[in-house]
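Undergrad: I'd like to ask some things about the structure below.
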Amino acid sequence: MNYSQTQFVCEKCGYNMIGFYPKSCPFCGASNENFITAKECSQKYKIVSFKVNSKVTSLKSYPSFGLEHSAYSISTNNKVFWIDCPSTFSKDLEPMDKIFFTHNHFLGASNLYRGYYTSFVWIHKYDSEHPLSNKHPFDKKFTQDFKFSGIEAFHINGHTRGFTFYIFENILFICDYFIKSNGHLILNPYGPIESTKKGAQKFYKLVENREIETVCGYNYVIDYQNWKKDFLMLLKKNSEK
Ligand SMILES: [Zn+2]
Ligand SMILES: [Zn+2]
């Protein structure tokens with residue numbers, strides 16, 4: 001595979017530019033002095049992982065990119081599924097069958113993983129249509145909630161139009177819909193705030209009667225009961241406004 005000349009990675013945020021070299025990063029706006037080729041990226045960075053439990057592992061580039069969010073790997077039914085995808089491409093990982101995206105902000109090197117491991121990339125149709133997504137190949141652009149190998153997908157809109165969260169067994173994958181600010185959870189401000197609020201309410205209806213133990217977010221893995229306290233405060237604050 002000759003990707004060295006055609007794919008660039010912004011070292012400020014990890015955004016992969018497939019087949020073009022703009023003056024500045026379409027995602028974070030950093031100038032192209034911050035770009036390296038995907039091949040250089042694979043040499044300079046590696047993927048580090050840690051186990052969330054016996055079936056779930058978090059994946060991230062090391063050293064870390066400024067903005068890159070954690071991806072997660074789920075091993076079940078003798079297959080490997082990813083939720084989101086690291087910015088760095090590595091040939092040293094267990095082959096993944098599918099990559100399910102929460103949204104289109106951190107598509108990472110999913111096109112390279114897709115090609116090398118013959119995996120299939122799924123994203124909500126709305127997020128596949130975003131300009132940041134238009135060079136990335138997707139195998140399935142879903143339009144409805146689904147369940148696949150025990151992994152449940154729920155479209156809630158908001159932070160991005162296609163934002164989808166996932167539940168596998170007792171683990172919730174919420175990426176950056178809620179972010180930490182001064183020790184508290186807030187709604188991700190990078191999106192339309194009213195529909196992000198609506199999505200948060202929809203999210204809570206979907207999870208409130210579920211048995212969840214752990215929350216896997218963009219930069220944290222945390223016990224659900226602790227997270228929920230913070231989350232309920234956030235919901236209360238939003239309903240007061
Ligand atoms: Zn960038
Ligand atoms: Zn995001």
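Undergrad: Using Cα atoms only, what is the angle between the long axis of helix 224-240 and the major principal axis of the chain, expressed in degrees (0 to 90) to the nearest 10?
TA: Rounded to the nearest ten degrees, it is 70.
Undergrad: Over the Cα atoms of the stretch 42-154, each weighted equally, I'd like the Debye log10 I(q)/I(0) at q = 0.10 Å⁻¹, rounded to two decimals.
TA: -0.26
Undergrad: Find how much the distance from residue 220 to residue 97 grows on full extension, using 0.36 nm per residue of separation minus their present alpha carbon separation; answer in nm with one decimal.
TA: Stretched out fully, the residue 220 to residue 97 stretch lengthens by 41.8 nm.
Undergrad: Something else now. Taking square-rooted eigenvalues a ≥ b ≥ c of the alpha carbon gyration tensor, is the stretch 149-222 rounded, prolate or oblate, where a/c under 1.5 means rounded and, failing that, a/b exceeding b/c means prolate?
TA: oblate
Undergrad: If the viscosity is 1.306 mPa s and the temperature 10 °C, what translational diffusion coefficient in µm²/s does Stokes-Einstein give for the chain when Rh comes from Kirkwood over Cα pairs?
TA: For the chosen part, D equals 88 µm²/s.
Undergrad: For the chain, give me every cysteine whose Cβ has no other Cys Cβ within less than 4.7 Å, ordered by residue number.
TA: Cysteines lacking a close Cβ partner in the chain: 41, 85, 175, 216.
Undergrad: Which of the residue pairs 46/198; 44/125; 198/228; 147/202; 91/198 have a Cα-Cα distance greater than 29 Å in the structure shown?
TA: Pairs exceeding the cut-off: 46/198; 44/125; 91/198.
Undergrad: I would also like to ask the following. Identify which of 170, 104, 182 has the largest mean-square fluctuation in a Gaussian network model of the chain, with springs joining Cα atoms closer than 10 Å.
TA: So, out of 170, 104, 182, the one fluctuating most is 182.
Undergrad: Output the peptides 12-23, 72-83 sorted from most to least packed, where packing is the average of other Cβ atoms within 10 Å over each peptide's residues.
TA: Per-residue mean Cβ counts within 10 Å order the peptides as 72-83, 12-23.
Undergrad: Can you give the Rg to Rh ratio of the stretch 186-241, both from alpha-carbon atoms, with Rh computed by the Kirkwood formula?
TA: 0.96
Undergrad: With a ≥ b ≥ c the root eigenvalues of the C-alpha gyration tensor of the stretch 88-227, is it rounded (a/c under 1.5), prolate (a/b larger than b/c) or oblate?
TA: prolate
Undergrad: At 222 nm, what helix-only mean residue ellipticity would the chain give, in deg cm²/dmol to the nearest 500, using -39500 (n - 2.57) for each DSSP H run of four or more?
TA: Per the formula, -6500 deg cm²/dmol.
Undergrad: Right, here's the next one. Where Lys and Arg each count +1 and Asp and Glu each count -1, what net charge lies around residue 66 among other residues with Cβ under 15 Å from its Cβ?
TA: Once all neighbours under 15 Å are counted, the net charge is -1.
Readers should treat all values here as calculations from the given coordinates under stated rules, not as data from a laboratory. Remember, predicted model here, so these are calculated numbers, not experimental data. Cβ coordinates were reconstructed from backbone atoms using ideal geometry, including for glycine residues, and neighbour counts include every protein chain displayed.
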